Structure formats: structure tokens, C-alpha cells
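The values are calculated or read from the model by the stated rules, or taken from the named source; none is laboratory data. Owing to the predicted nature of the structure, the values given are computational and were not obtained by experimental measurement. Ideal geometry is used to build each Cβ from the backbone, glycine not excepted, and the neighbour counts take in all protein chains shown.
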Amino acid sequence: MTISHNMKNVREKIEKTEKESLNTLSLARHEAQAERSRNRETFAAISVEGMKIGMVGRDTEKDKIINLLLRTEASEDISIIPIVGLGGVGKSTLAESVLSDKRISVFDVQIWVHVSEQFDLHTVGSRIIKRLNSTINLDNCDLQFLHDNLKKELGTTRYLIILDDLWEDGNNLEELKRMLQYGCKGSRIVVTTRNQSIVQTLSTGLLANERKICPVPESDQINLGILSPDDCWEVMKQRAFGPGDDDQSVLEKIGRQIAEKCGGLPLIANALGQVMFELRTIKAWEDIRDTKVDLGLREIHLKKTLERLMLSYYYMKLDFKMCFTYLAAFPKGFIVDSDRLIQQWIALGYIHARDDGQRCINYLVGMSFLQISRSLSVSPSPVHASAPRELSMHDLVHDLASTITANEFLVLDANAPEPRTWNKARYCRHAQLNNYHNQSKVFRDLPAKVRSLHFRDSVKLQLPRMAFSRTKYTRVLDFGHSVRGHSTPSNLDHNGFSVEGQSTPRNMVLPSSIHQSKLLRYLDATDLPITSLPKSFHTLQYMQTLILSKCSLETLPDNICSLHKLCYLDLSGNSSLNKLPASLGKLSKLSFLNLLGCSVLLELPESFCELTFLRHLDMSGCRAIQKLPDKFGCLPKLISLSLSGCSKLTKLPDNVRLESLEYLNLSNCCRLKNLPKDFGNLQKLVFLNLSDCYKVSMLPESLCQLVHLKDLDLSDCHDLSELPECFGNLSELDSLNLTSCCKLQLLPESFCKLFKLRSLNLSYCVMLQKLPSLLGDLNLQSLDISSSSSLRDLPDSIGNMTSLTQFGVTAARPKVFNKARDIQKHLDLPGVTVNEIDHKGHSSIVDLAQLTCRELYVVQLQNVRHPEDAERAKLRDKSDLRGLALGWGLQGGEGDRSVLERLVPPLTLEHFTLHGYMSKDFSNWMSHISSFLPSLTYLRLYDLGTCNTLPPFGRLPNLRGLSMENIPNIRKIGKEFYGKDGTCMKLRMIDLKSMGNLVEWWTTRSGEENEEFLIPNLHRVELVDCPKLKFLPYPPRCMFWFIENSHELIPEGGFGKLSSSTLPFSLTIVNCNFSPDQWDRLKLLPTLELFQVESCSGMRALPEAIRCFTSLRKLNLWSLKDLELLPEWLGHLTSLEHMYIRDSPITFLPESMKSLTALRVLWLKECKGLDALPEWMGQLISLQEFCIISCPNLTSLPESIQNLTTLKKL
């Protein structure tokens, strides 16, 4: 007997009970409103708070599950951990709490799959694959295809999969185990289910018998019982009272009595607790205690549970009741985008504004009637912080909503042989149409007054012309999840109800009859291959929300702008859309516009500036947009603006008056040169992202007026050379990222006024020379100066920064590195632990399992006697670990690989060093390093005596620094280094030393002239003792080059013409025997500003190529013992400011040097052949510093030296 069989009886009883309690409710609401001591319309940390409350009384079970997940001595390869219990008892909450525990980060991937009653192997497999590799095309795939891809993707992965609410107990479970059997040993599956027989089924079959994949022993299984009344009251109390509430002993007595009605189910306790908070009066609580509900259901447990939940519904805010019951229109296990749900509520008239919808969502989440989706790959943007981004619903709550509104909702299956019952639902208001496959007859049987129509699981969607001739009252028409499959995270496909697999026709049109749905207010056509809209579309004058995401639109008709009520327009993913209607500004009520991924859209119409109600605009990935309308900065209500990836945008309009803007994302606007002078008019700005704006060279002074700015990201602003002096006026700044600002040399003194700054990242600022002396006065919690190689010292005040909890430093100068270590010790930071493995057994690698630290050096690993002991070190479990060095002594050998194989670092690792490793091949996890260490930013390898190939380090998505030294058998670094599709977008530093046999390093995939560099954004390359190395076809463009004893670096093609975001700035050449032709190839570096040549024997004259360095500011000539004279053309380098000549046999300075009127510093040291200085020295009008050291034959200065009025040091 199903719920639907009792729908009439149930409905009558609900109406009767509601009627009887109406007067009481009104009184209670009035009193509660008068006495309420605090307002909780929104929830600042809903997910954390809800999980904490839901875990009352469950700590023992959680600890038991985590121990089962982390133990290494399990007899089965892949363990299944069942959590069995009644519906609403907290199984999912317990699993979610486990998944949120930081100890679980030891797994390579964690996947949550909500199964629900409709078990579908195809759906489960698809969701898992999408989480593992979102690039795999699952269109029209069969089970074998899924099986093959799961085998491939899981084969090298230690996974944790949560199968939530599993019902199936047939043969499908054995097939499910077959699909999941390929993970690495130690993978785990957690199953939540109401049915013990499912666990018994999972314990049988071939794979279980072979101990490949089966449940843990019965004693380890989790049988989740009901909560005690005291625990139920504790759940309710945390919802009903706040920490500052006065004595509530009278209410507590009644509350404990209400707790008796929860049946031990935290789901009900949580919902009632939220209601009791809203109605905190004695009278209201007594009414809740005394109210009895009888829904007339026959299934005992379901009857009691729903009747208890019904209490919460009775006392729910009247404003939100219809919003809640509407959720029955969606299938069990749904995931819905909160924005689209709110728009549907508005279209149906349940609420009037988006803010009301956000309050309703937060209210329902507080009651546990809605849940934040457990999709791990979704993170809300700051714009949506006021409401969760994706939502789902507990199956029991879905049953409640369906029970309340049973005769208002209808599910139509187009495959049903005789849909005779459909017409009987004359009063049906909401309908689902499932499995539509061109069965046009179904549209004749649609209820005439249906308000919302949702298409689900349609294999082929080709609609007849008159499909909507009878749906004249429809407000919501939803195709957004019409394609077969269930929901997946929205960031994979940008759907409200995301889907897997697409089998719609290549092209389709919306039926012309859609214009008969005159009252239509919401249309979601996501993923439908629509190339144009019907001619009569503009007649839908009530249209408020139009979602045409990922269609095939090339243009929009001009008359669409006559939809004067349109508020929400989503055109994201229309990669062929090249033009918007000229009259777009007529959409005067438009508040939300999404153009994300409209990659060929050329421009915005001038009328765009008339959208004065626009609040949210996303133009991310509009790569063809070159400029914005002049009056773009006059959108008074705009709150959120993303121009991320608008790579052809060169400037922003002047006259910025976006007075409401809080969120601005300009990341990857790589041609944007500068910000408008009046940028400071954005007075409400809180979040600003300028990362990868390579050409921004300065920030306007007005930026310092952004007194509400909290988060500023300037990472990879390669041309940014300074911050405004008034930077310290950003008094609310909490986080500042300056990573890879490679031209930044100093921080302004006012920087030390940023007293609210908590996080400062200065890593890879390769020209940063000095930190402010009072930097230690700040309250920083995190400071990173890694690979800022020009930093000469650290201010002593950092040692007094007691707030500091993280201090990152790698690849620094020895003085800086050692001082940083002393500071870490002084502040007692979680720092470095050195563990030396003793061959006598006094220090065992097993001891590492007990350590907790941020950096760990493990040396003398050749003394590990039993490789399996390395696995017991449990490195992978150390989620706090950020830096790791593994070292072997001289006695290493092929056995090193078996030890390294078991020393798998945690996913969180950022810095990794490997030295002394003597096996020929790398471990499996290093061969797939991008999957195992996705957060790695710095990698160092040295003294690897036998390795002859490298893993695909180029696939590491966040790698910024790579150092390799003394790996003699590496002869070639080719395409395999980058993997199939890898590009080292983040790599900033390459350091190669003593790579004597390395012959070539390929910097493009095939060597073609017009290819992109595979390392396009390098800042520093240091090559020492690499005598055979050539970069092919060209060396990468890089700012700082240091080349020592590496004679073949520059190939015949020179530096080529390949595009790159960085241009050569500094070049140092030491002890290189270049041929005249090789020297000549340097003329292709006209952007050089610093050039140093040292100890190059045989150089009798300076290379002519130097004449091409038209921007040269600094020239160092050191230990050129064969240099006989300086050329006359030296005076043509008119931009030269610094010149150092040391240990050279030159006898005079050429007269042309008198033209160096910009020269400020001149040093002459150990020039023993120099016996006189010319009179023209007095013409160096800018000279400030003139040093002569160890020039014994120079006995006097010229008279003209008196003319150097700018001279400060002699």
C-alpha cells in the first residue's frame, strides 16, 4: 500500500488539523514575535552548525568509522563499511561528518553518490566517473563503457566513496561491486541504508568470497540506533536557544516533554527545535506538546515518522509553506540550484523577491527540510554566500511534502500503456513528464490547469508543433533536466538540475504553440540544441526567468527585449552567440545576466548601460570582447561583476560609478593595462581579483579609498612594479596575494598599517629585495616568502609576531632561509622535524606514524630493512604536512623503489624534495604525481644516480618551482614531461645544476613555428653545468636568466617568435664558451635591462648583440681577462644607469661613453691596465656614485670631475 492510495484521507485530516490549530497558531505567532530576543533569518555557517547539531550522541560511531577507514591491516582489498538505521536517524549526517573530517584527506578522491529508491547502475557509475574525470564524454554510453572507464580511472586511486541511501538488494549490487573493484588497496566504500538485508547481499558473491571487495566484519558494522530523549532535547535546545539566553527552565521542562515525541530521530528533533525557536512562548510550546496528528497511513514506522514531522510543518512560517510543498514536484534525490529554485517560487507567486527566497531556503535548511548538497566539488562564490548554492532533500521530508500535496502533483510516464488516470487529475497543479520519446499523445492528456511542467529522463526530446496548445495556465516550464540521468555537481555542467549524458537531437526548435502559454514566467531550456527562438516568443509578456544555458544560439531576436518583466537571463555556454540585441537596455527589470563562456561574443550593445536594475553580471570567458561601453560604469545596483578570462579586454571605462559593487573578478584579463583613475569610487567593494593581469603595471592612488576591501588577489601581475604609498589605508584588508609579482621590489612603509591583515603571500616575487622593518607589528597568521630569491634579509620584528601560525620559505638565500628557521623555532611554529633512520634500529621509520608536523625531513632511508614498514609510517594520513624531504644515503639501490612506493605523501603537500634515490624507475604514485599531489608548488630532485626518465611533472597544475641537480642519466625532456594535455601555466622557476648529459628540453609540443610555449610564464631560469643542453625549438621566454658553464643553450633559431606573457629582463652568463654566432643570437633579446658577463675566456671584444639591448639599464663586465678594449658603440646604450667593470685588462674608456647621460653608478675594480681617466668624465651629468677599487696605475682624477654636481659617493 503506497502513500498515494491514502491521499484523499490524508489531505482531509491535514486540512482539519490545520483548521483546528489556526487560532492557536495566530496567537502563538503574535506572542513569539513580541518576545523574540534575537533574529536568525539567515545562518552564517549553516552547514557547520547543522552538522554539529546533527552529531549529538554520535561521537563514538564517528570515531569507529574513521578508524575503520584509516586502518591498514584489513583483510579485504576494498572494505565496505555499512551504516544501518531507520530513516531520519542520522545516517547521512554521520557519513557527512566523517567526510568533513580532515583526517579523511588521506584518500586521493572522495565521492558522494545519493542513490535513493530508484537504483540505477548507469547513474551511479556516471556520477563517479564525472567526479574522477569531468572531461570524459558520457553521451549515450552503455554499462561496458562505464565499466572500462572506472577501471582506468580507479586503477591508481585510493578512493573513498559514500553510497547514501542504498535500497537495491538484487543482482545489481554484485555488478556494482564489479564496477568498483579496481581501486588501490585501502580504498573504502561507506554505505548508508535502512535495510540490513542489503549488507547481507554485499557479503556474498565471488568478489566478497575472494576478499577483494566486501563489508567489514559484522562487529565493525555501524547499526545506528535512535537517540535517547535527553539527546533529542540536546538537539532541540541547540536550535531553540542561543548561548546568551537567560534562564529558560520553564520552557525547558516543556521542551523535554516535546522531545519525547521525536521518536529518537534527530531529523524530527532538529525540525521541531527550529520551530520552537520561532515560537518561544509557553503557550506555543504547550500547543506543540499537545497537538496530535493522525494521517491514516498503514505502514507503522512511516506513519509515526511523518506524523511527527507534520508537527514541524504545522508550525512552519505561513510564508514558506507553499515553497516547501512545491519541492514535491522534484524526484527523490534531486539536487537543485538555489537561484533557479528561487526563480521558480517567484514565477508561481509563492514569494515576491529573491531576498525572500534566500530567507526561505535558510529557514528550511535550519529545519533540515532542505540540505546543502554534499557535492564536494561545488564551492559557493562570495555572491551566493547568503544562501547555499546547491540543495537536496531527505527522502522522508520528500515523503512529507508529497503527502501534504498528494492530489496537486502528478507524475506522467510517457511509456505507460494506457494513461487513463491522467485526465482524472483535473485539479493537478504540478506535473512531471518522464521518459518522453516523441509520444505526442501525452500532450493531449496534460491537466488543463497545470502550473508547472517538468520534463525528466527523456531519451529524445523533439516536441510536436502543438505541444503546448493546452497549457495556457503554465507558469513554469522546465526542460533543464530533461536528458536521461540524474544530478551531478553544477560546476561540471552549469545546470540547475545537472545531468549526465545527452541524447537530444543535434538541432531542435521550441514548438510555436509555446506562445499560447501566455502566463509562462519561467522557462529553462538548458542543454537543448536550440539555434533560434520561435517568432512569437516575444508575446510571452509575463516571462520573468529565461534560462537558455548551453544551447546552440547564434543570436537573439531583437523583439526579445519586449519582455519587460524579464528579471533573470542565463545565456551561459552559448559558444556560437556573437551578438546581443541592440535594444537589450529595454529589459528594464533585468537583475541577473549570465554570459559565461560566450566565447565569440564581440561586444555589448550601447543600450547595455540602461540596465539600471542589474545586480549580477557574469562575463567570464567572453574571450572576444575587446571593450566595454563607455557608460558601463554607471550601473547603480550592480553587486557582482565577473570579467574573468576576457583576454582581449585592454581597458575599463572611465567614470566608474558602480556604487553598489561588492565583488569584482578581473582575473586572466591578460591584456588589461591599467585600472581607471577613479577606481576608488567602488566604495563598497569587498572582493577584488586581478590575478594573471600580466600587463597591469601600476595601481591607481584611488585604490586606497576602498576602505571595505577584505580580499585582494594580485598574483601573477607580472608588470606590477610598486604598490601605492597609501596602500596602508586599506584598513579592512584580511588577505593579500602577491605571488609571482616578479617586478615588485619594495613594499610601501604604510604597509605596516594593515592591522587586520591575516594572510600575506609574497612567494616567487623574484625582485623583492626588502620587507618593511615594522612588518612584525602586523597580526599575520600566514606569511609566505618562498622563492623570493632577491630578498636579502628579514626584519627582526617578524620574530615577535606571536599571531603567526604558518611561515613558508623555500629556495631563499641562505641568510634568509636560516633566519626564517630561527624565527620558526622562536615562535614555536609547527615546523621542521628531522627523522634519521638508524641502521642499528634505534630510529625506525614506523616512528613517523606518531609525528605531527608541517615539514618533515626523513633521511638515511637506505636503512629501512622491511619496505612494508614504510607503509606503517602513514605519511598519507598527515593532512597537516606541507613540506616533505625524503633522502637516501650512498648505499641505496633498486630496493629504494619499494620503499618510495609506500611513502605516499598526503594530498595537501606543497613542497617535496627527493634526493639520493638510486632506483632506475620512479614509484607508481610519482608516475601519476598530478593525481597524488595536486597542491604541489615546489619540487626538488637531486643526486638521483640511475633514473633515466622523468614523470610528467608538467601536469602538476600548481607547480611554480622545479629544481633538478645531478641526475646524470636524464638525456632528454620531451613531450612526455607535459603529459597528454599538460601546460606548465603556473611554473615560474627552473633550476638545473650538474645535468651533464641532458641534451635537449622541448618547449613546444611539436616544434611548429606558431605554437604556444608549454612553459609560457617563466620568471627565472638558472642553468649551471649543463654543457650540452639545448631548448628546442626555442628557449622559453623568461625574465631572469642565469647561465653558467652551459655552452649550447641558444639554438640556431635563437629565441624565436613564440608568444609568451613574460619578456627577458636580466641575463647573466658565466664561464660559457659561446661562438661568435651564438653570441649574435642574443640580439633577439632587445628587452633586456640587466646584462652580466663573467669569466668567459677568449672574449677579446664585447658581442655586437649588446648594441640591440636598447632598454639596458645595468651592465656588468666581470673577470673578462682577454677583453682588450671597450667598443665605441658602448655610448649608444643611452638608457644605461649602472656599469660595473671588474678584473679586466682594458687600458682606457671609449670617448663615446660621454653620451651615457643617464649613468648614475660607475664602478671600476681591479682594472690594472687603466692608467688615466678622460676629461669627458665631467659630462656624465647624472653620475651619483663613482667607485675606483684596486686600480694601481690610476694615480689621479681628471679636473672635470668637479663638474659632477650630482655626485654623492666617490
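Just name the residue that is nearest to Thr1003 (Cα to Cα) out of those in the range 1041-1057 that are modelled with pLDDT of 85 or more and of a type in the set (A, V, I, L, M, F, W, C).
Looking only at the range 1041-1057, we keep the residues that are modelled with pLDDT of 85 or more, and these are 1041-1048.
Next cut, of a type in the set (A, V, I, L, M, F, W, C) only: 1041-1043.
Details: Trp1041: 16, Phe1042: 18, Ile1043: 18 Å.
Residue satisfying both the conditions and the ranking: Trp1041.
State all residues of the range 757-766 that are of a type outside the set (Val, Ile, Thr) and either touching an Asp or Glu at 6+ places or on another chain (Cβ under 6 Å) or surrounded by 21 or more Cβ atoms within 10 Å (Cβ to Cβ) (or both); if no residue qualifies, say none. Full working, then the answer.
First, the residues of the range 757-766 that are of a type outside the set (Val, Ile, Thr): 757-765.
Within the range 757-766, Leu757, Arg758, Leu760, Asn761, Leu762, Ser763, Tyr764, Cys765 qualify.
All but one of (1) at pLDDT below 95; (2) farther than 27 Å from His538 by Cβ; (3) among the aliphatic types (A, V, I, L, M) hold for Leu635; state the number of the condition that does not hold.
Only one criterion in (1) at pLDDT below 95; (2) farther than 27 Å from His538 by Cβ; (3) among the aliphatic types (A, V, I, L, M) is unmet by Leu635, namely (2).
Tally the residues that are part of a loop (DSSP other than H, G, I, E, B), under 16 Å from Val113 (Cα atoms) and over 32 Å from the mean Cα position of the chain (by Cα), restricting the search to the range 155-193.
2
Can you spot a residue in the range 965-972 that is more than 20 Å from Asp896 (Cα to Cα) and touching a residue at least 12 places away in the same chain (Cβ under 8 Å)?
Initially, the range 965-972 is screened for residues more than 20 Å from Asp896 (Cα to Cα), giving 971-972.
Cutting the leftovers down to touching a residue at least 12 places away in the same chain (Cβ under 8 Å) gives us 971-972.
Among the residues of the range 965-972, at least one is more than 20 Å from Asp896 (Cα to Cα) and touching a residue at least 12 places away in the same chain (Cβ under 8 Å), which makes the answer yes.
Where residues in the range 607-628 are within 20 Å of Leu566 (Cβ to Cβ) and assigned to a loop (DSSP other than H, G, I, E, B), which of them is nearest to the chain's Cα centre (by Cα)? Give the derivation first.
Here is the first cut: in the range 607-628, the residues within 20 Å of Leu566 (Cβ to Cβ) are 607-619.
From the residues that got through so far, the ones that are assigned to a loop (DSSP other than H, G, I, E, B) too are 611-615, 619.
On the way: Leu611: 31, Thr612: 31, Phe613: 30, Leu614: 26, Arg615: 24, Met619: 18 Å.
Of everything passing the filter in the range 607-628, Met619 is nearest to the chain's Cα centre (by Cα).
Identify the residue in the range 901-928 that is over 19 Å from the mean Cα position of the chain (by Cα) and of a type in the set (Val, Ile, Thr) and, among all such residues, is farthest from Tyr764 (Cα to Cα). Break it down stepwise before answering.
Of the residues in the range 901-928, the ones over 19 Å from the mean Cα position of the chain (by Cα) are 901-905, 911-928.
Pick out the ones that are also of a type in the set (Val, Ile, Thr) and you get 904, 913.
On the way: Val904: 27, Thr913: 18 Å.
Taking the candidates together, the pick is Val904.
Which pairs do you get when a residue that is within 24 Å of Pro906 (Cα to Cα) and modelled with pLDDT of 70 or more, found in the range 836-853, comes within reach of a residue that is among the charged types (D, E, K, R) and surrounded by 15 or more Cβ atoms within 10 Å (Cβ to Cβ), reach meaning Cβ atoms under 6 angstrom, with the pair 6+ apart or on two chains?
That search, which allows pairs on different chains as well, returns Ile845/Asp869; Val846/Asp869; Val846/Arg872; Ala849/Lys874.
How many residues does the range 1088-1106 hold that are of a type outside the set (Ser, Thr, Tyr) and surrounded by fewer than 16 Cβ atoms within 10 Å (Cβ to Cβ)?
Of the residues in the range 1088-1106, 4 are of a type outside the set (Ser, Thr, Tyr) and surrounded by fewer than 16 Cβ atoms within 10 Å (Cβ to Cβ).
Residue by residue, here is whether (1) closer than 28 Å to Lys878 by Cα; (2) free of Cβ contacts under 8 Å to residues at least 60 places away in the same chain; (3) crowded, with 23+ Cβ neighbours inside 10 Å; (4) not aromatic (Phe, Trp, Tyr) holds:
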{"position": "Ile66", "(1), (2), (3), (4)": "yes, yes, no, yes"}
{"position": "Ile80", "(1), (2), (3), (4)": "yes, no, no, yes"}
{"position": "Gln110", "(1), (2), (3), (4)": "yes, no, no, yes"}
{"position": "Ile136", "(1), (2), (3), (4)": "no, yes, no, yes"}
{"position": "Cys141", "(1), (2), (3), (4)": "no, no, no, yes"}
{"position": "Asn149", "(1), (2), (3), (4)": "no, yes, no, yes"}
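I'd like to know if the range 1083-1098 contains one or more residues that are touching a Cys at 6+ places or on another chain (Cβ under 8 Å), modelled with pLDDT under 90 and charged (D, E, K, R).
So far as the range 1083-1098 goes, yes, one or more of its residues are touching a Cys at 6+ places or on another chain (Cβ under 8 Å), modelled with pLDDT under 90 and charged (D, E, K, R).
So Glu725 fits all but one of (1) more than 22 Å from Asn668 (Cα to Cα); (2) surrounded by 21 or more Cβ atoms within 10 Å (Cβ to Cβ); what number is the exception?
With (1) more than 22 Å from Asn668 (Cα to Cα); (2) surrounded by 21 or more Cβ atoms within 10 Å (Cβ to Cβ) applied to Glu725, the lone miss is (2).
Among the residues of the range 903-951 satisfying the criterion of being acidic (Asp, Glu) and crowded, with 18+ Cβ neighbours inside 10 Å, which is farthest from Ala885 (Cα to Cα)? Walk me through it before giving the result.
Let us first name the residues in the range 903-951 that are acidic (Asp, Glu), namely 910, 921, 943.
Next cut, crowded, with 18+ Cβ neighbours inside 10 Å only: 910, 943.
On the way: Glu910: 11, Asp943: 13 Å.
Of everything passing the filter in the range 903-951, Asp943 is farthest from Ala885 (Cα to Cα).
For a quick check of your reading of the model, give me the residue pairs whose first member lies in the range 718-736 and is in contact (Cβ under 8 Å) with a residue 60 or more places away in the chain, whose second is part of a loop (DSSP other than H, G, I, E, B) and not basic (Lys, Arg), with beta-carbon atoms closer than 8 Å and at least 6 apart or on different chains.
Final answer for the pair search is His718/Tyr694; His718/Ser740; His718/Cys741; His718/Cys742; His718/Asn1017; His718/Ser1061; His718/Thr1062.
Would you kindly identify the helices (runs of 4 or more DSSP H) lying entirely within the range 199-274 that contain at least 3 residues that are surrounded by 17 or more Cβ atoms within 10 Å (Cβ to Cβ), of a type in the set (A, V, I, L, M, F, W, C) and touching a residue at least 40 places away in the same chain (Cβ under 8 Å)? I'd like the intermediate steps shown before the answer.
Numbers: elements: 206-209, 229-240, 249-259.
Result: 229-240.
Any chance the range 738-751 includes a residue that's over 26 Å from the mean Cα position of the chain (by Cα), basic (Lys, Arg) and buried (at least 18 other Cβ atoms within 10 Å of the Cβ)?
yes
Can you name the residue in the range 514-533 that is under 12 Å from Arg451 (Cα atoms) and hydroxyl-bearing (Ser, Thr, Tyr) and is also modelled with the highest pLDDT among such residues?
Tyr522
Look through Thr1206, Thr1157, Thr1110, Thr1134 and report the one residue that is within 19 Å of Gln1092 (Cβ to Cβ) and either of a type in the set (Ser, Thr, Tyr) or loosely packed, with under 15 Cβ neighbours inside 10 Å (or both). Give the steps one after another, and end with the answer.
Working: Thr1206 fails: within 19 Å of Gln1092 (Cβ to Cβ); Thr1157 fails: within 19 Å of Gln1092 (Cβ to Cβ); Thr1134 fails: within 19 Å of Gln1092 (Cβ to Cβ).
The conditions single out Thr1110.
Of the residues in the range 932-961, how many are within 23 Å of the chain's Cα centre (by Cα) and not hydroxyl-bearing (Ser, Thr, Tyr)? Outline the logic, then answer.
Residues of the range 932-961 within 23 Å of the chain's Cα centre (by Cα): 932-939, 952-961.
Subsequent filtering for residues that are not hydroxyl-bearing (Ser, Thr, Tyr) retains 932-934, 936, 939, 952-961.
Matching residues across the range 932-961 total 15.
For every residue, the table says whether it meets (1) within 29 Å of Gln248 (Cα to Cα); (2) at pLDDT 85 or above; (3) in a loop (DSSP other than H, G, I, E, B); (4) out of contact with any Gly (no Cβ under 9 Å at 6 or more places or on another chain).
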{"position": "Phe277", "(1), (2), (3), (4)": "yes, yes, no, no"}
{"position": "Arg280", "(1), (2), (3), (4)": "yes, no, yes, yes"}
{"position": "Glu286", "(1), (2), (3), (4)": "yes, yes, no, yes"}
{"position": "His301", "(1), (2), (3), (4)": "no, no, no, no"}
{"position": "Glu307", "(1), (2), (3), (4)": "yes, no, no, yes"}
{"position": "Phe369", "(1), (2), (3), (4)": "yes, yes, yes, yes"}
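In the range 872-886, what residues are surrounded by fewer than 21 Cβ atoms within 10 Å (Cβ to Cβ) and either of a type in the set (S, T, N, Q) or under 19 Å from Phe922 (Cα atoms) (or both)?
Ser879, Ala885, listed by residue number.
Can you give me the number of residues within the range 125-152 that are closer than 18 Å to Asn172 by Cβ and either of a type in the set (D, E, K, R) or part of a loop (DSSP other than H, G, I, E, B) (or both)? Write out each step before concluding.
Of all residues in the range 125-152, those closer than 18 Å to Asn172 by Cβ come to 125-129, 141-147, 150.
Okay, now just the ones that are also either of a type in the set (D, E, K, R) or part of a loop (DSSP other than H, G, I, E, B) (or both), so 127, 141-142.
Total meeting the criteria: 3.
Output the residue which, of all residues in the range 48-75 that are hydrophobic (A, V, I, L, M, F, W, C) and closer than 26 Å to Cys184 by Cα, is modelled with the lowest pLDDT.
Here is the first cut: in the range 48-75, the ones hydrophobic (A, V, I, L, M, F, W, C) are 48, 51, 53, 55-56, 65-66, 68-70, 74.
Filter once more, so that each one left must be closer than 26 Å to Cys184 by Cα: 65-66, 68-70, 74.
Working: Ile65: 90, Ile66: 88, Leu68: 88, Leu69: 87, Leu70: 82, Ala74: 62.
Only one residue tops the list, namely Ala74.
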